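**Q** Below you'll find the structure I mean.
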Amino acid sequence: MRGTRAQTNTGRKEGVNLNKQQKQKKETTIDSYYSPNGTEGERSANDKPEIPANWIQAVEELKTQLREAEDNWEKNLKIKISHLETEALELKQENSVLKAKIIQLENEAKEMKDEAKEMKDEIKRMKDNLQRNSDQKEKDDQKAKDEIQSLRTRVKQLESSDLTRQQDTIRQNKKNEKIEENVKHLIHKTDDLENRSRRDNLRIIGLPEDHDKRKSLDIILEEIIQENCPEILEQEGKVEIERIHRSPPVFNPQLTTPRNVIAKFKNNQIKEQVLQAAKKKPFRYHGNMVRITQDLSASTLKDRKAWNMIFRKARELGLQPRIKYPSKLTIFLQGKVWSFNTTEKFQ
(Lines give C-alpha, C1' and ligand atoms only; values in the text may rest on other atoms or scores of the structure.)
Protein backbone atom coordinates (compact mmCIF):
# COMPACT_ATOMS: atom_id res chain seq x y z
CA MET A 1 0.00 0.00 0.00
CA ARG A 2 2.73 2.51 0.95
CA GLY A 3 4.85 1.56 -2.10
CA THR A 4 1.91 2.20 -4.42
CA ARG A 5 1.21 5.55 -2.71
CA ALA A 6 4.85 6.60 -3.14
CA GLN A 7 4.77 5.71 -6.84
CA THR A 8 1.56 7.72 -7.30
CA ASN A 9 3.08 10.76 -5.58
CA THR A 10 6.20 10.46 -7.80
CA GLY A 11 4.02 10.41 -10.95
CA ARG A 12 2.16 13.47 -9.77
CA LYS A 13 5.44 15.28 -9.14
CA GLU A 14 6.71 14.51 -12.67
CA GLY A 15 3.38 15.71 -14.17
CA VAL A 16 3.64 19.01 -12.33
CA ASN A 17 7.21 19.55 -13.56
CA LEU A 18 6.12 18.81 -17.18
CA ASN A 19 3.20 21.27 -17.00
CA LYS A 20 5.53 23.88 -15.52
CA GLN A 21 7.99 23.48 -18.37
CA GLN A 22 5.23 23.73 -20.99
CA LYS A 23 3.90 26.87 -19.34
CA GLN A 24 7.31 28.50 -19.30
CA LYS A 25 7.78 27.65 -22.97
CA LYS A 26 4.39 29.07 -23.86
CA GLU A 27 4.98 32.32 -21.97
CA THR A 28 8.35 32.75 -23.55
CA THR A 29 6.85 32.35 -27.02
CA ILE A 30 4.04 34.83 -26.42
CA ASP A 31 6.25 37.43 -24.73
CA SER A 32 8.90 37.18 -27.39
CA TYR A 33 6.29 37.35 -30.11
CA TYR A 34 4.74 40.53 -28.88
CA SER A 35 7.78 42.21 -27.33
CA PRO A 36 9.36 45.05 -29.36
CA ASN A 37 12.82 43.47 -29.09
CA GLY A 38 11.81 39.85 -29.53
CA THR A 39 14.11 37.52 -31.37
CA GLU A 40 12.26 34.28 -32.15
CA GLY A 41 9.17 34.69 -34.31
CA GLU A 42 9.38 38.47 -34.04
CA ARG A 43 8.37 40.71 -36.84
CA SER A 44 9.61 44.07 -37.95
CA ALA A 45 7.79 47.18 -36.91
CA ASN A 46 6.74 47.79 -40.48
CA ASP A 47 5.40 44.23 -40.98
CA LYS A 48 3.54 44.03 -37.57
CA PRO A 49 -0.18 44.06 -38.10
CA GLU A 50 -2.46 46.03 -35.96
CA ILE A 51 -3.76 44.07 -32.96
CA PRO A 52 -7.14 44.88 -31.51
CA ALA A 53 -7.17 46.33 -28.00
CA ASN A 54 -9.40 43.58 -26.66
CA TRP A 55 -6.86 40.99 -27.85
CA ILE A 56 -4.10 42.68 -25.97
CA GLN A 57 -6.25 42.86 -22.86
CA ALA A 58 -7.13 39.18 -23.27
CA VAL A 59 -3.49 38.32 -23.68
CA GLU A 60 -2.61 40.25 -20.52
CA GLU A 61 -5.38 38.52 -18.62
CA LEU A 62 -4.16 35.19 -19.91
CA LYS A 63 -0.62 36.03 -18.81
CA THR A 64 -1.95 37.00 -15.37
CA GLN A 65 -3.92 33.78 -15.12
CA LEU A 66 -0.86 31.80 -16.18
CA ARG A 67 1.26 33.48 -13.53
CA GLU A 68 -1.40 32.79 -10.88
CA ALA A 69 -1.63 29.18 -12.06
CA GLU A 70 2.14 28.92 -11.87
CA ASP A 71 2.13 30.30 -8.32
CA ASN A 72 -0.62 27.85 -7.35
CA TRP A 73 1.27 25.02 -8.98
CA GLU A 74 4.39 25.98 -7.06
CA LYS A 75 2.48 26.12 -3.76
CA ASN A 76 0.78 22.78 -4.43
CA LEU A 77 4.09 21.34 -5.47
CA LYS A 78 5.75 22.50 -2.23
CA ILE A 79 2.84 21.08 -0.20
CA LYS A 80 3.02 17.78 -2.02
CA ILE A 81 6.80 17.67 -1.57
CA SER A 82 6.31 18.34 2.17
CA HIS A 83 3.74 15.54 2.33
CA LEU A 84 6.08 13.23 0.47
CA GLU A 85 8.92 14.08 2.86
CA THR A 86 6.61 13.45 5.85
CA GLU A 87 5.52 10.14 4.38
CA ALA A 88 9.13 9.25 3.68
CA LEU A 89 9.97 10.01 7.34
CA GLU A 90 7.04 7.92 8.51
CA LEU A 91 8.16 5.11 6.24
CA LYS A 92 11.63 5.40 7.69
CA GLN A 93 10.26 5.26 11.24
CA GLU A 94 8.06 2.32 10.35
CA ASN A 95 11.04 0.65 8.76
CA SER A 96 12.96 1.13 12.04
CA VAL A 97 10.03 -0.30 14.01
CA LEU A 98 9.82 -3.24 11.63
CA LYS A 99 13.53 -3.86 12.02
CA ALA A 100 13.16 -3.77 15.82
CA LYS A 101 10.23 -6.19 15.60
CA ILE A 102 12.20 -8.47 13.32
CA ILE A 103 15.07 -8.46 15.82
CA GLN A 104 12.60 -9.14 18.64
CA LEU A 105 11.02 -11.98 16.66
CA GLU A 106 14.45 -13.42 15.97
CA ASN A 107 15.25 -13.30 19.69
CA GLU A 108 11.90 -14.88 20.56
CA ALA A 109 12.49 -17.55 17.93
CA LYS A 110 15.87 -18.26 19.50
CA GLU A 111 14.30 -18.44 22.97
CA MET A 112 11.57 -20.75 21.67
CA LYS A 113 14.22 -22.93 20.09
CA ASP A 114 16.07 -23.11 23.42
CA GLU A 115 12.81 -23.87 25.25
CA ALA A 116 11.96 -26.56 22.72
CA LYS A 117 15.35 -28.12 23.35
CA GLU A 118 14.81 -27.97 27.12
CA MET A 119 11.34 -29.50 26.73
CA LYS A 120 12.79 -32.25 24.59
CA ASP A 121 15.37 -33.00 27.28
CA GLU A 122 12.68 -32.89 29.96
CA ILE A 123 10.48 -35.29 27.99
CA LYS A 124 13.41 -37.65 27.68
CA ARG A 125 14.01 -37.49 31.43
CA MET A 126 10.28 -38.08 32.08
CA LYS A 127 10.31 -41.10 29.81
CA ASP A 128 13.30 -42.49 31.69
CA ASN A 129 11.57 -41.85 35.03
CA LEU A 130 8.37 -43.49 33.80
CA GLN A 131 10.29 -46.50 32.70
CA ARG A 132 12.03 -46.77 36.07
CA ASN A 133 8.71 -46.25 37.89
CA SER A 134 7.08 -48.89 35.75
CA ASP A 135 9.80 -51.37 36.59
CA GLN A 136 9.54 -50.49 40.28
CA LYS A 137 5.74 -50.81 40.15
CA GLU A 138 6.00 -54.29 38.74
CA LYS A 139 8.29 -55.23 41.60
CA ASP A 140 5.93 -53.62 44.15
CA ASP A 141 2.92 -55.39 42.60
CA GLN A 142 4.64 -58.73 42.89
CA LYS A 143 5.60 -57.97 46.48
CA ALA A 144 1.99 -56.90 47.24
CA LYS A 145 0.66 -60.12 45.73
CA ASP A 146 2.97 -62.13 47.94
CA GLU A 147 1.90 -60.17 51.02
CA ILE A 148 -1.80 -60.59 50.12
CA GLN A 149 -1.32 -64.31 49.80
CA SER A 150 0.39 -64.34 53.19
CA LEU A 151 -2.44 -62.31 54.70
CA ARG A 152 -5.06 -64.66 53.29
CA THR A 153 -3.30 -67.53 54.95
CA ARG A 154 -3.23 -65.67 58.26
CA VAL A 155 -6.91 -64.68 57.91
CA LYS A 156 -7.87 -68.29 57.47
CA GLN A 157 -5.92 -69.15 60.61
CA LEU A 158 -7.62 -66.35 62.52
CA GLU A 159 -11.07 -67.35 61.28
CA SER A 160 -10.51 -70.83 62.59
CA SER A 161 -10.01 -69.44 66.12
CA ASP A 162 -12.51 -66.55 65.83
CA LEU A 163 -15.41 -68.48 67.32
CA THR A 164 -13.45 -69.24 70.46
CA ARG A 165 -12.42 -65.61 70.81
CA GLN A 166 -16.00 -64.42 70.36
CA GLN A 167 -17.15 -66.66 73.14
CA ASP A 168 -14.33 -65.41 75.37
CA THR A 169 -15.25 -61.82 74.50
CA ILE A 170 -18.90 -62.37 75.41
CA ARG A 171 -17.93 -63.84 78.78
CA GLN A 172 -15.48 -60.96 79.38
CA ASN A 173 -18.10 -58.34 78.46
CA LYS A 174 -20.51 -59.84 80.98
CA LYS A 175 -17.79 -59.70 83.62
CA ASN A 176 -17.01 -56.09 82.70
CA GLU A 177 -20.68 -55.10 82.94
CA LYS A 178 -20.88 -56.67 86.37
CA ILE A 179 -17.71 -54.88 87.43
CA GLU A 180 -19.05 -51.54 86.12
CA GLU A 181 -22.27 -52.02 88.08
CA ASN A 182 -20.28 -52.79 91.20
CA VAL A 183 -18.03 -49.77 90.64
CA LYS A 184 -21.05 -47.48 90.18
CA HIS A 185 -22.60 -48.90 93.34
CA LEU A 186 -19.36 -48.43 95.26
CA ILE A 187 -18.94 -44.86 93.95
CA HIS A 188 -22.52 -44.10 94.98
CA LYS A 189 -21.91 -45.60 98.40
CA THR A 190 -18.63 -43.69 98.76
CA ASP A 191 -20.30 -40.40 97.82
CA ASP A 192 -23.14 -41.13 100.22
CA LEU A 193 -20.71 -41.93 103.04
CA GLU A 194 -18.69 -38.80 102.31
CA ASN A 195 -21.84 -36.66 102.27
CA ARG A 196 -22.99 -38.21 105.54
CA SER A 197 -19.59 -37.53 107.09
CA ARG A 198 -20.08 -33.87 106.08
CA ARG A 199 -23.63 -33.54 107.43
CA ASP A 200 -22.43 -31.43 110.38
CA ASN A 201 -20.51 -29.10 108.01
CA LEU A 202 -21.50 -25.80 106.47
CA ARG A 203 -19.77 -24.17 103.49
CA ILE A 204 -19.38 -20.37 103.62
CA ILE A 205 -18.96 -18.83 100.14
CA GLY A 206 -17.80 -15.28 99.36
CA LEU A 207 -16.02 -14.43 102.63
CA PRO A 208 -13.05 -12.14 101.73
CA GLU A 209 -9.55 -13.45 102.46
CA ASP A 210 -8.40 -10.32 104.29
CA HIS A 211 -10.76 -10.98 107.23
CA ASP A 212 -8.59 -13.95 108.25
CA LYS A 213 -5.70 -11.61 109.06
CA ARG A 214 -7.67 -9.70 111.70
CA LYS A 215 -9.72 -12.48 113.34
CA SER A 216 -9.89 -16.24 113.50
CA LEU A 217 -12.48 -17.99 111.35
CA ASP A 218 -14.52 -19.33 114.28
CA ILE A 219 -14.98 -15.77 115.64
CA ILE A 220 -15.93 -14.54 112.15
CA LEU A 221 -18.55 -17.31 111.86
CA GLU A 222 -20.04 -16.41 115.22
CA GLU A 223 -20.21 -12.74 114.15
CA ILE A 224 -21.96 -13.75 110.90
CA ILE A 225 -24.57 -15.67 112.92
CA GLN A 226 -24.92 -12.75 115.36
CA GLU A 227 -25.43 -10.27 112.49
CA ASN A 228 -27.92 -12.31 110.44
CA CYS A 229 -29.75 -14.65 112.86
CA PRO A 230 -29.10 -13.50 116.46
CA GLU A 231 -32.09 -15.50 117.78
CA ILE A 232 -30.05 -18.70 117.43
CA LEU A 233 -27.39 -17.40 119.81
CA GLU A 234 -30.07 -16.15 122.19
CA GLN A 235 -31.62 -19.62 122.35
CA GLU A 236 -28.55 -21.83 122.17
CA GLY A 237 -25.85 -19.60 123.57
CA LYS A 238 -22.34 -19.89 122.16
CA VAL A 239 -21.91 -21.83 118.89
CA GLU A 240 -19.35 -24.58 119.33
CA ILE A 241 -17.21 -25.30 116.27
CA GLU A 242 -15.20 -28.52 116.11
CA ARG A 243 -13.10 -27.46 113.10
CA ILE A 244 -13.09 -24.57 110.59
CA HIS A 245 -10.70 -23.95 107.68
CA ARG A 246 -10.32 -22.61 104.16
CA SER A 247 -10.62 -24.99 101.18
CA PRO A 248 -8.26 -25.52 99.45
CA PRO A 249 -5.73 -24.95 102.24
CA VAL A 250 -3.12 -23.29 99.95
CA PHE A 251 -3.99 -19.84 98.59
CA ASN A 252 -3.72 -19.42 94.79
CA PRO A 253 -2.98 -15.77 93.86
CA GLN A 254 -4.42 -16.32 90.36
CA LEU A 255 -7.93 -16.90 91.74
CA THR A 256 -10.24 -13.89 91.56
CA THR A 257 -12.71 -15.21 94.16
CA PRO A 258 -12.00 -16.00 97.83
CA ARG A 259 -11.65 -19.60 98.95
CA ASN A 260 -14.61 -21.28 100.61
CA VAL A 261 -14.71 -21.74 104.37
CA ILE A 262 -15.79 -25.13 105.75
CA ALA A 263 -17.01 -25.25 109.34
CA LYS A 264 -17.89 -28.43 111.29
CA PHE A 265 -20.43 -27.86 114.09
CA LYS A 266 -20.44 -29.94 117.27
CA ASN A 267 -24.21 -29.54 117.48
CA ASN A 268 -26.10 -30.63 114.35
CA GLN A 269 -29.30 -28.83 115.44
CA ILE A 270 -27.54 -25.45 115.51
CA LYS A 271 -26.05 -26.20 112.09
CA GLU A 272 -29.52 -26.94 110.69
CA GLN A 273 -30.95 -23.75 112.22
CA VAL A 274 -28.20 -21.64 110.59
CA LEU A 275 -28.73 -23.42 107.24
CA GLN A 276 -32.51 -22.87 107.31
CA ALA A 277 -32.01 -19.20 108.17
CA ALA A 278 -29.57 -18.83 105.24
CA LYS A 279 -32.19 -20.30 102.90
CA LYS A 280 -34.77 -17.70 103.95
CA LYS A 281 -32.64 -14.60 103.37
CA PRO A 282 -29.16 -13.66 102.10
CA PHE A 283 -26.47 -13.28 104.77
CA ARG A 284 -24.12 -10.31 105.04
CA TYR A 285 -20.90 -9.71 106.92
CA HIS A 286 -19.47 -6.20 107.22
CA GLY A 287 -21.33 -5.16 104.05
CA ASN A 288 -20.21 -8.20 102.02
CA MET A 289 -22.68 -10.75 100.69
CA VAL A 290 -21.88 -14.29 101.93
CA ARG A 291 -23.69 -17.49 101.03
CA ILE A 292 -24.02 -20.48 103.39
CA THR A 293 -24.81 -23.93 102.03
CA GLN A 294 -24.56 -27.58 103.06
CA ASP A 295 -21.06 -29.00 102.62
CA LEU A 296 -21.14 -31.91 100.14
CA SER A 297 -18.64 -34.10 98.30
CA ALA A 298 -16.95 -32.84 95.12
CA SER A 299 -18.86 -35.26 92.84
CA THR A 300 -22.22 -34.25 94.37
CA LEU A 301 -21.38 -30.55 93.94
CA LYS A 302 -20.44 -31.23 90.32
CA ASP A 303 -23.79 -33.00 89.71
CA ARG A 304 -25.68 -30.12 91.30
CA LYS A 305 -23.72 -27.58 89.23
CA ALA A 306 -24.95 -29.31 86.06
CA TRP A 307 -28.47 -28.10 86.92
CA ASN A 308 -27.49 -24.39 87.18
CA MET A 309 -28.75 -23.22 83.78
CA ILE A 310 -31.93 -25.32 83.92
CA PHE A 311 -32.52 -24.20 87.51
CA ARG A 312 -32.34 -20.49 86.53
CA LYS A 313 -34.65 -21.01 83.55
CA ALA A 314 -37.17 -22.93 85.66
CA ARG A 315 -37.13 -20.13 88.26
CA GLU A 316 -37.82 -17.54 85.51
CA LEU A 317 -40.81 -19.64 84.36
CA GLY A 318 -42.17 -19.85 87.92
CA LEU A 319 -41.79 -23.63 88.20
CA GLN A 320 -40.49 -23.46 91.82
CA PRO A 321 -37.28 -25.49 91.21
CA ARG A 322 -35.56 -27.24 94.14
CA ILE A 323 -32.40 -29.35 94.47
CA LYS A 324 -32.95 -32.33 96.74
CA TYR A 325 -30.29 -34.54 98.24
CA PRO A 326 -28.04 -35.59 96.72
CA SER A 327 -28.51 -33.95 93.28
CA LYS A 328 -32.13 -34.38 92.25
CA LEU A 329 -33.98 -31.47 90.58
CA THR A 330 -37.70 -31.04 91.35
CA ILE A 331 -40.14 -28.64 89.68
CA PHE A 332 -43.82 -27.89 90.21
CA LEU A 333 -45.75 -28.16 86.93
CA GLN A 334 -49.50 -28.62 86.24
CA GLY A 335 -50.24 -29.30 89.89
CA LYS A 336 -47.63 -32.08 90.15
CA VAL A 337 -44.05 -32.31 91.43
CA TRP A 338 -41.63 -33.65 88.83
CA SER A 339 -38.22 -35.03 89.81
CA PHE A 340 -35.16 -35.52 87.61
CA ASN A 341 -31.70 -36.95 88.23
CA THR A 342 -28.59 -35.67 86.44
CA THR A 343 -28.46 -38.86 84.35
CA GLU A 344 -32.04 -38.40 83.09
CA LYS A 345 -33.10 -36.39 80.02
CA PHE A 346 -36.24 -34.43 79.33
CA GLN A 347 -38.48 -36.23 76.82
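**Q** Which one of L163, L84, L130 is farther than 30 Å from S299 by Cβ, in contact (Cβ under 8 Å) with a residue 12 or more places away in the chain and either part of a helix (DSSP H, G or I) or within 50 Å of the chain's Cα centre (by Cα) (or both)?
**A** On the way: L163 fails: in contact (Cβ under 8 Å) with a residue 12 or more places away in the chain; L130 fails: in contact (Cβ under 8 Å) with a residue 12 or more places away in the chain.
Only one candidate qualifies: L84.
**Q** Give all pairs with beta carbons closer than 8 Å in which a residue from the stretch 168-183 that is in contact (Cβ under 8 Å) with a residue 60 or more places away in the chain meets a residue that is open to solvent by less than 90 Å² (accessible area, probe 1.4 Å); count only pairs at least 6 apart in sequence or on separate chains.
**A** Listed by first residue and then by second, the contacts come to nothing, as the list is empty.
**Q** Also, quick follow-up: With E242, E227 as the choices, which residue is of a type in the set (D, E) and either in contact (Cβ under 8 Å) with a residue 60 or more places away in the chain or not in a helix (DSSP H, G or I) (or both)?
**A** Values: E227 fails: either in contact (Cβ under 8 Å) with a residue 60 or more places away in the chain or not in a helix (DSSP H, G or I) (or both).
Being of a type in the set (D, E) and either in contact (Cβ under 8 Å) with a residue 60 or more places away in the chain or not in a helix (DSSP H, G or I) (or both) holds for just one of E242, E227, which is E242.
**Q** Next question. With in contact (Cβ under 8 Å) with a residue 60 or more places away in the chain and either of a type outside the set (A, V, I, L, M) or more than 25 Å from K328 (Cα to Cα) (or both) as the only criterion, which of P208, P253 stands out?
**A** Values: P253 fails: in contact (Cβ under 8 Å) with a residue 60 or more places away in the chain.
So the residue among P208, P253 that is in contact (Cβ under 8 Å) with a residue 60 or more places away in the chain and either of a type outside the set (A, V, I, L, M) or more than 25 Å from K328 (Cα to Cα) (or both) is P208.
**Q** Quick one: is I187 within 18 Å of I270 (Cα to Cα), open to solvent by 50 Å² or more (accessible area, probe 1.4 Å), among the hydrophobic types (A, V, I, L, M, F, W, C) and not in a loop (DSSP other than H, G, I, E, B)? Give the steps one after another, and end with the answer.
**A** Numbers: within 18 Å of I270 (Cα to Cα): no; open to solvent by 50 Å² or more (accessible area, probe 1.4 Å): yes; among the hydrophobic types (A, V, I, L, M, F, W, C): yes; not in a loop (DSSP other than H, G, I, E, B): yes.
When the stated conditions are applied, I187 does not pass them.
**Q** Shifting gears a bit: Just give me the residues in the stretch 284-298 being within 10 Å of I205 (Cα to Cα) and open to solvent by less than 20 Å² (accessible area, probe 1.4 Å), in sequence order.
**A** Initial filter on the stretch 284-298 (within 10 Å of I205 (Cα to Cα)): 289-293.
Selection gives V290, I292.
Quick grid of which residues meet (1) more than 30 Å from Q273 (Cβ to Cβ); (2) open to solvent by 100 Å² or more (accessible area, probe 1.4 Å); (3) in contact with a helix residue (DSSP H, G or I) (Cβ under 8 Å, 6 or more places away or on another chain):
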| residue | (1), (2), (3) |
| --- | --- |
| R132 | yes, yes, no |
| K145 | yes, yes, no |
| Q149 | yes, yes, no |
| R196 | no, yes, no |
| L202 | no, no, yes |
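**Q** Something else: Looking at K281, K302, which one is of a type outside the set (G, A, S), surrounded by fewer than 11 Cβ atoms within 10 Å (Cβ to Cβ) and closer than 22 Å to P258 by Cα?
**A** Exactly one of K281, K302 is of a type outside the set (G, A, S), surrounded by fewer than 11 Cβ atoms within 10 Å (Cβ to Cβ) and closer than 22 Å to P258 by Cα, namely K281.
**Q** A follow-up question, please. Within the stretch 243-263, which residues are open to solvent by 100 Å² or more (accessible area, probe 1.4 Å) and at pLDDT 90 or above? Break it down into steps so the answer makes sense when it comes.
**A** Of all residues in the stretch 243-263, those open to solvent by 100 Å² or more (accessible area, probe 1.4 Å) come to 243, 249-251, 253-254, 256.
Of everything in the stretch 243-263, just one residue is open to solvent by 100 Å² or more (accessible area, probe 1.4 Å) and at pLDDT 90 or above, namely R243.
**Q** Hey, another quick one. Would you say G237 is loosely packed, with under 12 Cβ neighbours inside 10 Å and at positive phi?
**A** On the way: loosely packed, with under 12 Cβ neighbours inside 10 Å: yes; at positive phi: yes.
Against the criterion (loosely packed, with under 12 Cβ neighbours inside 10 Å and at positive phi), G237 qualifies.
**Q** What is the number of the single condition among (1) modelled with pLDDT of 90 or more; (2) touching a strand residue (DSSP E or B) at 6+ places or on another chain (Cβ under 9 Å) that L296 does not meet?
**A** Only one criterion is unmet by L296, namely (1).
**Q** While we're here: Restricting the search to the stretch 193-223, which residues are among the aliphatic types (A, V, I, L, M) and within 14 Å of I270 (Cα to Cα)?
**A** Filtering the stretch 193-223 for residues among the aliphatic types (A, V, I, L, M) gives 193, 202, 204-205, 207, 217, 219-221.
Of everything in the stretch 193-223, those that are among the aliphatic types (A, V, I, L, M) and within 14 Å of I270 (Cα to Cα) turn out to be L202, L221.
The values are calculated or read from the model by the stated rules, or taken from the named source; none is laboratory data. As the structure is a prediction and not an experimental result, all values here were calculated from the model. For neighbour counting, all protein chains shown are included, and Cβ atoms are generated from backbone atoms with ideal geometry for every residue, glycine included. Accessible surface is based on the protein model in full, side chains and every heavy atom, while ligands, DNA and RNA are left aside. Shrake-Rupley method; radii C 1.70, N 1.55, O 1.52, S 1.80 Å.
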